[in-house]
Amino acid sequence: MTTVDRTYKAINALGRLALRALDVRVHPHGLENLPATGPVVLAANHVSYLDFIMIEKAAVDRARYVRFMTRYDVWKPGPIAWAMDRMGHIPVDRTVPVAAYLRARRLLQSGQAVGVFPEAGISYSFTVRSLMRGAVALARETGAPLVPVAIWGSQRIFSVGVPEPPPDLTRGRRVDIEFGAPWQVPPGADLIAETQRLGATLTGMLEGLQRMPEHVPRPGEHATWYPAHLGGHAPTREEARALDVVPTSAVTPTWWPPAPEVRSRAGSGAGPDASPTTRSGRRTR
């Protein structure tokens, strides 16, 4: 184990203690899809400021220390910047992303796991918004398998909103993380087509988690943390367009399901398209 990994493990242990103190229950699914060794690109949806901490917690159970590509403004002077550097994470300046890409490529070439949030920000609608092509490009160039990752539940602890809510330290929150089946992005593959495939895969996985009984709002609950098209009260996808800061080079969604945007059905907390699904998002009836 390298010095960086030892530091990562120690800091991760502190994070586990904090999660335990709040009784946050992280439930990984499909962890066997994360290769135990060798390079891998993890491409995750983004619903909260804590997503990388939750994914780290799950991946460490697989003895993987994921180097996340993270917005450079996290690197403000202080203990957070010190910890991010010691753990080997990668600062990303979205106006000049080349340096971060090259560093991520070097890590993959040395057999590391690299985590990417291709939405390049948190989705206000809690659906998979426009995606950057970097995750797919890294997988194509290095030959590393691409593993889609869906996370849900962390948005109830600390996320965006209108207005942005303070952190909610309610004990006993549940966070579910699904690691999807890896796939290879072959040399010469079309980056837009592969990114569209990633968007569709993440959407199916995310909706599978969102429809789990443990995450569906209670009858009559005003659920600003739940997507509008499933009956919640988060901004609709159309409303989110004015809130999301999306790079112009991002791939426009072709993966959104056709379910209508609904606020609620008789306060049920479930939209008209909320028939039971598996965690992968497939209908069970």
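Points to keep in mind about this one:
- Gaussian network model of the chain, Cα within-10 Å springs - most flexible of Gly30, Gly231, Gly134: Gly30
- Residues whose amide H lies under 5 Å from that of Arg174, counting only those 5 or more places away or on a different chain, are Arg25; hydrogens are built 1.01 Å from N in the peptide plane.
- Cβ-placed point charges (K, R +1; D, E -1), dipole of the stretch 16-99 about Cα centre in debye, nearest 20: 120
- Overall, the anisotropy analysis places the stretch 24-116 in the oblate class: the square-rooted eigenvalues a ≥ b ≥ c of its C-alpha gyration tensor yield a/c not less than 1.5, with a/b not exceeding b/c.
- The simple Förster model, with R0 at 25 Å and r as the Cβ-Cβ distance, assigns Gln109 and Ala181 a FRET efficiency of 0.60.
- Ordering Ala200, Ser125, Gly78 by the projection of their Cα atoms onto the charge dipole of the chain, which places +1 on the Cβ of Lys and Arg and -1 on the Cβ of Asp and Glu, puts Gly78 at the extreme positive end.
- Taking chymotrypsin sites (Phe, Trp or Tyr not before Pro) across the stretch 136-212, none is in a DSSP loop with at most 13 further Cβ atoms lying within 10 angstrom of its Cβ.
- Among Met212, Met87, Met54, the largest mean-square fluctuation in a Gaussian network model of the chain (Cα springs under 10 Å) belongs to Met212.
- Its residue count N fixes a reference of 2.2 N^0.38 Å for the chain, and the Cα radius of gyration divided by that reference is 0.96.
- Amide H partners (placed H, <5 Å) of Arg71, local residues excluded: Val92
- Cα centroid separation, the stretch 102-137 to the stretch 1-64: 16 Å.
- Cα-based equivalent ellipsoid, the stretch 99-162: semi-axes from gyration tensor eigenvalues, Å: 26, 12, 11
- Calculated accessible area for the chain comes out at 45 Å² per residue, all protein chains present (probe 1.4 Å; ligands, DNA, RNA ignored).
- Here the Karplus curve 6.51 cos²θ - 1.76 cosθ + 1.60, taken at θ = phi - 60°, turns the phi angles of the stretch 78-85 into couplings of x, x, 5, 4, 4, 5, 4, 5 Hz, with x standing for Gly and Pro.
- Rounded to the nearest whole Hz, the Karplus-based 3J(HN,Hα) values (6.51 cos²θ - 1.76 cosθ + 1.60, θ = phi - 60°) of the stretch 191-204 follow the sequence 5, 5, 5, 5, 5, 5, 4, 4, x, 5, 5, 4, 4, x, with x at glycine and proline.
- Residue of Ser110, Ser154, Ser48 that the Gaussian network model of the chain assigns the largest fluctuation, springs spanning Cα pairs under 10 Å: Ser110
- Computed extension length for Trp75-Asp190: 38.1 nm, one decimal, from 0.36 nm per residue of separation with the Cα-Cα distance subtracted.
- Charged-residue dipole, Cβ positions (Lys, Arg, Asp, Glu), the chain about Cα centre, Debye nearest 20: 520
- As a fraction of the 1.4 Å probe accessible area of the stretch 173-241, surface on carbon and sulfur atoms comes out at 55 percent.
The values are calculated or read from the model by the stated rules, or taken from the named source; none is laboratory data. Note that the coordinates shown come from a computational prediction; the quantities given were computed from them, not determined experimentally. So basically every Cβ, Gly included, is an ideal-geometry build from the backbone, and we count neighbours across all protein chains shown. In case anyone asks, the SASA skips ligands and DNA or RNA and just uses the protein heavy atoms, side chains included. Shrake-Rupley method; radii C 1.70, N 1.55, O 1.52, S 1.80 Å.
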